[in-house]
Structure formats: C-alpha cells, structure tokens
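Novice: Below you'll find the structure I mean.
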Amino acid sequence: MAKNILILGGGTGGSIVANILARSLSPQEASITVLTASPQHVYQPYQLYIPFGYQDPRKIARSERSLLHRRVSLVVDPVEELDVKNQKVVCRSRKSYPYDYLVIATGSTVDEEQIPGFKEGADHFYTPEAAFVLYEKLQNFNGGTIVVGIGGLPYKCPVAPVEFTFMLEEFLTKRGIRQQSEIIYTFPLNDVFNIKTAADYIKADFDKRNIKTELFFNLAEIHPEKKIAESIEGTELSYDLLVMTPPHKGAPFLRGHEIADADGWVQTDRHSLKVAQLENVWSLGDTTNLPVSKAGSTAHFQAPVIAKQICAAIRQETVDSEKVKYNGHVACFIESGYGKATMLDFDYEHPPQPPPPTEFIHFQKLALNKFYWYLIPKALI
Amino acid sequence: MEGIKITKEVDARGSFCPGPLMEMIRLIRSAQVGDVVAVISADEGTKKDLPAWIKKAKHELIAEEPVEGGGTRFICRKLH
Ligand SMILES: Cc1cc2nc3c(=O)[nH]c(=O)nc-3n(C[C@H](O)[C@H](O)[C@H](O)COP(=O)(O)OP(=O)(O)OC[C@H]3O[C@@H](n4cnc5c(N)ncnc54)[C@H](O)[C@@H]3O)c2cc1C
C-alpha cells in the first residue's frame, strides 16, 4: 500500500521536499500532498528591494501549483490542528488529513501585536504590503532621523535589517539628503549581530559610513504620537521614521503545541531534523527551534536530509546517520549598497568569514533572485 | 542562595549565545517588579554578556553561583 506523505506549508522548504520526494518515489510507494495556506508562493527576499523602488510588489509571487511536480497534490486549506497521536491534521474547512509521514514547513509569521504601538508607529519590509507602505514613506522622506532595528529575536533572514541599513545609506546619499539624515541601527544584544565574525565586519562598515548603533536595545513599546521607541533597558530613541523588524512566531496551530514552545517553534533534532523524537515527523526552515538562521538557504540545505530519511523509511532501508545529517549549513548574501555584496557561509562548526564586498557577489545575488523560480523550489540545485 | 525565593528559573545549558541572555530577557519581561529570576548557562559568552545586560537594564544581579553538573546560575532581581 502506498504511504501517505503530508507536507505542511508550500513555501521554500515544503516545495523542495515535495519535489525531491516526487522524483525519488514511485506512485506505488507513496502519495505526496502539500497542504498550504495560500495558492501563491512569495519570493520573500525580493521584499528587501521594494522600499527603495527596485522591485514591484505585484511581481514577487507565483502560483505554488506551477512550482510543484505533477505528482504532488496541492491543497490550499490552512492547518488548524495537529494530532500527532492519531497521525492527522485538521484544516480550516474542518476536513481532516491522515498521514504516515509528516513534514512541517509552515514557516514564520510576523506578530506586530506583541509590541504596544508597533502597528501605528513602525514600518517594516517583512510583508509585501508593509514594504510598499515603506516605499511611499521613503519617497517622501526629506531628512531626519531613521531608526532601523530588530523588534524581537528570532526573526527571519537575520542579515536583512543590516542589508536594509546599507541600502538605506546609499539611497539617502543618492537622493542628496544623507547630510540632513541620521541613521541609527539597534540590536537586542551587545553587538550589531549575533555571530562575532559577521558583527566585526558589519560594525566596521557602519563606522565608515557614519551609521550610529544602539546596542542592548530590546524594543518594549513605541509611542507613535511622540515618535519615540523605548527599550526594556530604559533607552528612548526619537525618530522621524522607524523601521523595525516585527517579532516573529510560528504558525498559530503550533503555538503551545506539545511538540513546540509557546511561540510555536518546533522542537527539532539539530542533525536528523526529526520532531520531538517522533520517528515519522520532521520539520525544516523557519519552523524549527534550531539556533540557525531562519533563511531560505537553511531550508534548502535541510530538505534533502529529510527526503532521504523518508525514502529510506518507506523502503525499509537503514540510514547512515553520519552521512544523512544536517550540519548547520547556511549561506546568506549581504547586499552592501553601491552595487556590491558579501556573503556569510557557515555551519554548526565553522563561523562565517565574510569576504570584502564585490560587484561579482552582488551579481550572484541578483542571479539567484532571478533564477530562484526555476531552480530552488523545483529542487534542481 | 538562602532566604531568596526564585520565582522562575530557566536551565539554558546546551543553548549557546545568545540563547541564555534571551532567556533572561524573556524572564525579566514577564516578571513582576521585585521578582527574582534565574538562568543557568554553561556558555562562556554568557558570563560577560548577561551581567553586562543586567547592568545596562538597571536590574540587580544578586549572585552568580556554580551549579552541580557544570554551568553557572545567574540570579537577578527585577527592579523596575
Ligand atoms: C525581507 C526578507 C528577505 C529575505 N532574504 C533572504 C535571503 O536573502 N536569503 C535567504 O536564504 N532567505 C531570505 N529570507 C528568508 C526566507 O524567505 C525564509 O526563511 C524562507 O522562505 C523560509 O522557508 P520556509 O519554507 O520555512 O517558510 P516559507 O517559505 O515562509 O513558507 C511557509 C509556507 O507555509 C504556509 N503556511 C503558513 N501557515 C500555514 C498553516 N497554518 N497551514 C498550512 N500552511 C501554512 C505559507 O502559506 C507558506 O506557503 C528573507 C525573508 C524576508 C522577509
């Protein structure tokens, strides 16, 4: 009897796992279903470019169906309950779906409600809509103080606020209003980033470009009428424009679930990616509680590890856990502005050593943005 | 620490920087003024960062004590 594989979430991670499995397993071995919340697949890295007018928010999504192998069934129906004991999920339509093997890839969502005043006082680029609002504000900005920072850990694409800050500095310079503007970058920890080697590089570049920093700044509250952002450490920053990464959480059905924590991050084994010591459930990408970046590249390197284990389980083969394991690999480009970029490439054992920014790395990032649709979700690389 | 009642404690051993510090920040966020909370960490970076954060945030670091099995317990009182 064919086994039932259910993949929750049709974003980067879910699509790659589904497509590898569809190519690896015959219809007699398994049926593969992706259960997701939206018929669209958004390429989120493009959201970074929207505030500066370099990208059109209407052009950053494609149909998820078009990205999936024809053998993968796609169901658009958000999951509302997960019952690991009875191996089934229940969706918004109240239909329930049983599974033999489950992969959780529902990603992370922004939760603006967590910080009083956030909705009214802060802008961000973590949804296409918010990024477009910020575009309008930046077009009309004529100088003043812009505070950029992080409103809660963890959040997705840890370098995105740094990239935004670099690109903002270039944007203000090109518009001729850099002299009349002050940029202040805030971070919750005692450094500008949570990986030391990257922090050293970023701080040096901030200093060169006269970008100020405010460290140990854990956003507590925003006072939109007074235009003040306040931290739990008691620091108050006045702003004319506030660009703050909103706090993130896992999907609602995972928050407080027995396999996750209160914020919905799923307990995941750092090497096998198995969930809560269950033999038939895995998770990847933003969904996990792993101390690695919530990034598309993380999901990309994790997906084959899960697919191989599922194929072996269905064929009743044993896996060599030394060979089939995730080693913490993440690779992220950092746009540095002025047509250059650098890169963070690291794993559990090896911290990144970012090279000096070059035009070549910038073009690599642009190429990835262009070819994402053809290569990544389809699992061709 | 005799005589001091810890209202909440998180064992963050096995979690690396910035995990233990974030646990302390989370605990302080959810505590009442006057509460005493604690985080246990075995991470080297925490030894510097956690007291530095408590100082910056103007709370009180009551004690750092070694824990059986390895690691340090950082005990902090929420002052405001
Ligand atoms: C501005 C920005 C810039 C970024 N830049 C980069 C970058 O340069 N490089 C990089 O590697 N990463 C980058 N990222 C991060 C990257 O986009 C995410 O980390 C990546 O998409 C995570 O993949 P995922 O599969 O875990 O989640 P997602 O791709 O977010 O997919 C989650 C899926 O789950 C679905 N879903 C949600 N809730 C439910 C539910 N209840 N039931 C069913 N389905 C559900 C959603 O519809 C979605 O299809 C960036 C992100 C942002 C916001």
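Bear in mind that the values in this text are calculations on the coordinates, not laboratory data. Keep in mind the model is a prediction, meaning the values are calculated, not measured. Counting neighbours? That spans all protein chains shown, and the Cβs are built from the backbone with ideal geometry, glycine included.
Novice: Within 10 Å, at most 13 other Cβ atoms, and a DSSP state outside H, G, I, E, B define an exposed site. Report the longest part of chain B free of exposed trypsin sites (Lys or Arg not before Pro). Present the calculation step by step, with values, prior to reporting the outcome.
Specialist: Values: sites that count: B:5, B:58.
For trypsin sites (Lys or Arg not before Pro) (loop position, at most 13 other Cβ atoms within 10 Å), the longest site-free span of chain B is B:6-57.
Novice: Quick one: which residues, 5 or more positions from residue A:186 or on another chain, have an amide H under 5 Å from its amide H? H modelled 1.01 Å from N in the peptide plane, none for Pro or chain starts.
Specialist: Sorted by chain and number, the residues that satisfy this are A:148, A:149, A:150, A:214.
Novice: Let me ask something additional. Quickly estimate the mean residue ellipticity at 222 nm for chain A, helices only: each DSSP H run with n ≥ 4 gives -39500 (n - 2.57), and the total goes over all residues, rounded to 500. Before the final figure, lay out the partial values.
Specialist: Numbers: 8 runs with 97 residues, N = 381.
Computed ellipticity for chain A at 222 nm equals -8000 deg cm²/dmol.
Novice: Provide the per-residue ³J(HN,Hα) series for the stretch A:184-199, in order, calculated from phi with Karplus coefficients 6.51, -1.76, 1.60 and θ = phi - 60°, each as a whole number of Hz, with x at glycine and proline positions.
Specialist: 10, 9, 10, 9, x, 9, 8, 8, 7, 7, 8, 10, 4, 4, 5, 4
Novice: Relative contact order for the stretch A:111-247: what percent, with Cα pairs under 8 Å and sequence separation of 6 or more?
Specialist: Numbers: 231 pairs, mean separation 52.4, N = 137.
In percent, rounded to a whole number, it is 38.
Novice: Given the options A:316, A:353, A:55, state which has the largest fluctuation in a GNM of chain A using a 10 Å cut-off (strictly under) for Cα springs.
Specialist: A:316
Novice: Taking neighbour counts of Cβ atoms within 10 Å as a proxy for exposure, in what order, fewest first, do A:238, A:108, A:26 appear?
Specialist: On the way: A:238 14, A:108 22, A:26 9.
Result, fewest neighbours first: A:26, A:238, A:108.
Novice: Hey, which of these cross-link pairs are over 21 Å Cα-Cα: A:249/A:308; A:325/A:370; A:95/A:294; A:156/A:308; A:174/A:340? Provide the component values of the computation, followed by the final result.
Specialist: Details: A:249/A:308 28 Å; A:325/A:370 30 Å; A:95/A:294 30 Å; A:156/A:308 26 Å; A:174/A:340 15 Å.
Too far apart for the 21 Å limit: A:249/A:308; A:325/A:370; A:95/A:294; A:156/A:308.
Novice: Separate question: Need one number: % antiparallel among DSSP beta bridges in the protein assembly as shown, to the nearest 5.
Specialist: Antiparallel bridges make up about 55 percent of those DSSP assigns within the protein assembly as shown.
Novice: Sticking with this structure for a sec: Give me the net charge of residue A:80's neighbourhood, meaning all other residues with Cβ under 15 Å from the Cβ of residue A:80; Lys, Arg count +1, Asp, Glu -1. Intermediate results must be reported in sequence, preceding the final value.
Specialist: Values: positive: A:88, A:92, A:94, A:95, A:255; negative: A:77, A:81, A:83.
Net charge in that neighbourhood comes out at +2.
Novice: Would you mind giving the average projected area, over all directions, of the Cα convex hull of the stretch A:134-209 in nm² with one decimal?
Specialist: On the way: hull surface 21.1 nm².
Projected area, direction-averaged: 5.3 nm².
Novice: Okay, next question. With the crude spin-label approximation of a point 7 Å out along Cα→Cβ, what separation in nm comes out for residue A:83 versus residue A:225?
Specialist: Those two pseudo-labels are separated by 5.0 nm.
Novice: Taking each residue in A:357-370, count the Cβ atoms of any other chain within 10 Å of its Cβ, then average. What number comes out?
Specialist: Working: counts 0, 0, 0, 0, 0, 0, 0, 0, 0, 0, 0, 0, 0, 0.
So the per-residue partner count for this stretch is 0.
Novice: Only sites in a loop by DSSP and with at most 13 other Cβ atoms within 10 Å count here; which trypsin sites (Lys or Arg not before Pro) in the stretch A:261-352 make the cut?
Specialist: Numbers: sites: A:270, A:274, A:294, A:308, A:315, A:323, A:325, A:340; in loops: A:270, A:315, A:323, A:325.
Within the stretch A:261-352, the qualifying trypsin sites (Lys or Arg not before Pro) (loop, at most 13 other Cβ atoms within 10 Å) are A:315, A:323.
Novice: Right, another one. Dipole size in debye (nearest 20) for the protein assembly as shown around its Cα centre, Lys and Arg Cβ +1, Asp and Glu Cβ -1? Don't skip to the end; give the middle numbers.
Specialist: Numbers: 52 positive and 56 negative charges, 264 e Å.
I would put it at about 1280 debye.
Novice: Counting DSSP beta bridges with both partners in chain B, what percentage is antiparallel, nearest 5? Don't jump to the answer; show the numbers that get you there.
Specialist: Details: 12 of 16 bridges.
In chain B, DSSP labels about 75 percent of beta bridges as antiparallel.
Novice: When the convex hull of the Cα atoms of the stretch B:8-77 is projected onto a plane and the area is averaged over all directions, what value comes out in nm²?
Specialist: Values: hull surface 16.1 nm².
Answer in nm², one decimal: 4.0.
Novice: Within a 10 angstrom radius of each residue's Cβ in B:14-26, how many Cβ atoms of other chains show up on average? Whole number is fine.
Specialist: For this peptide, the per-residue mean of nearby foreign Cβ atoms is 4.
Novice: Tell me which residues come under 5 Å, amide H to amide H, from residue A:181 once H is placed; ignore anything under 5 positions away on its chain.
Specialist: A:144
Novice: Here is a follow-up. Provide Rg and Dmax in Å for the stretch A:1-106, with only Cα atoms included in the calculation.
Specialist: When restricted to Cα atoms, the stretch A:1-106 yields Rg and Dmax of 15.3, 53 Å.
Novice: Across peptide B:47-58, how many C-beta atoms of other chains are within 10 Å of each residue C-beta, on average? Intermediate values should be presented prior to the final figure.
Specialist: Details: counts 0, 1, 4, 1, 0, 4, 7, 1, 2, 8, 7, 2.
Partner Cβ neighbours, averaged per residue: 3.
Novice: Counting Lys and Arg as +1 and Asp and Glu as -1, what is the net charge of the other residues whose Cβ lies under 10 Å from the Cβ of residue B:36?
Specialist: Values: positive: B:5, B:8, B:77, B:78; negative: B:9, B:35, B:60.
Neighbour charge sum, excluding residue B:36 itself: +1.
Novice: Now for a different question. Taking 7 Å along the Cα-to-C-beta vector as the label spot, tell me the residue A:40-residue A:95 distance in nanometres, rounded to one decimal.
Specialist: Each label point lies 7 Å from its Cα, and together they span 2.3 nm.
Novice: Also: For chain B, which longest stretch is free of loop sites, where a loop site is one of the GluC sites (Glu not before Pro) that DSSP puts outside H, G, I, E and B and that has at most 13 other Cβ atoms within 10 Å?
Specialist: Working: sites that count: B:2, B:68.
Of all site-free stretches, the longest is B:3-67.
Novice: Then there's this: For the stretch A:288-294, in order, what is each residue's ³J(HN,Hα) by Karplus, 6.51 cos²θ - 1.76 cosθ + 1.60 with θ = phi - 60°, in whole Hz (x at glycine and Pro)?
Specialist: The phi angles translate into 7, 9, 5, x, 10, 4, 7 Hz.
Novice: Sorted from largest down, what three extents in whole angstroms do the Cα atoms of the protein assembly as shown have along their principal axes?
Specialist: Taking the Cα atoms of the protein assembly as shown, the three principal extents are 64, 62, 42 Å.
Novice: Helix A:160-174: angle to the longest alpha-carbon principal axis of chain A, degrees 0 to 90, nearest 10?
Specialist: Result, in degrees: 40.
Novice: Against the 2.2 N^0.38 Å scaling, with N counting residues, where does the stretch A:68-186 land? I'd like the Cα-based Rg ratio to two decimal places.
Specialist: Numbers: Rg = 20.7 Å, N = 119, 2.2 N^0.38 = 13.5 Å.
In units of the globular-protein estimate, the stretch A:68-186 measures up at 1.53.
Novice: Give me the Debye-computed log₁₀ of I(q)/I(0) at q = 0.09, 0.10, 0.20 Å⁻¹ for the stretch A:111-247, equal point scatterers on Cα only, no solvent, two decimals.
Specialist: One equal scatterer on each Cα of the stretch A:111-247 leads to -0.23, -0.29, -1.28.
Novice: Please identify the chymotrypsin sites (Phe, Trp or Tyr not before Pro) of the stretch A:278-376 that satisfy two criteria: DSSP loop assignment and at most 16 other Cβ atoms within 10 Å. Which are they?
Specialist: On the way: sites: A:282, A:301, A:326, A:333, A:338, A:346, A:348, A:360, A:363, A:371, A:372, A:373, A:374; in loops: A:326, A:338, A:348.
In loop regions of the stretch A:278-376 (DSSP not H, G, I, E or B), the sparsely surrounded chymotrypsin sites (Phe, Trp or Tyr not before Pro) are A:338, A:348.
Novice: Once amide H atoms are placed 1.01 Å from N in the peptide plane, what residues at a sequence separation of 5 or more from residue A:282, or on another chain, have their amide H within under 5 Å of its amide H?
Specialist: A:102, A:103, A:104, A:275
Novice: If you don't mind, another one. How large are Rg and Dmax for the stretch A:223-381 when calculated on the C-alpha trace, in angstrom?
Specialist: 19.7, 64
Novice: How large is ³J(HN,Hα) for each residue in the stretch A:319-329, as worked out from phi by the Karplus curve 6.51 cos²θ - 1.76 cosθ + 1.60 (θ = phi - 60°), to whole Hz, x for Gly and Pro?
Specialist: 9, 7, 5, 6, 8, 9, 8, 8, 9, x, 5
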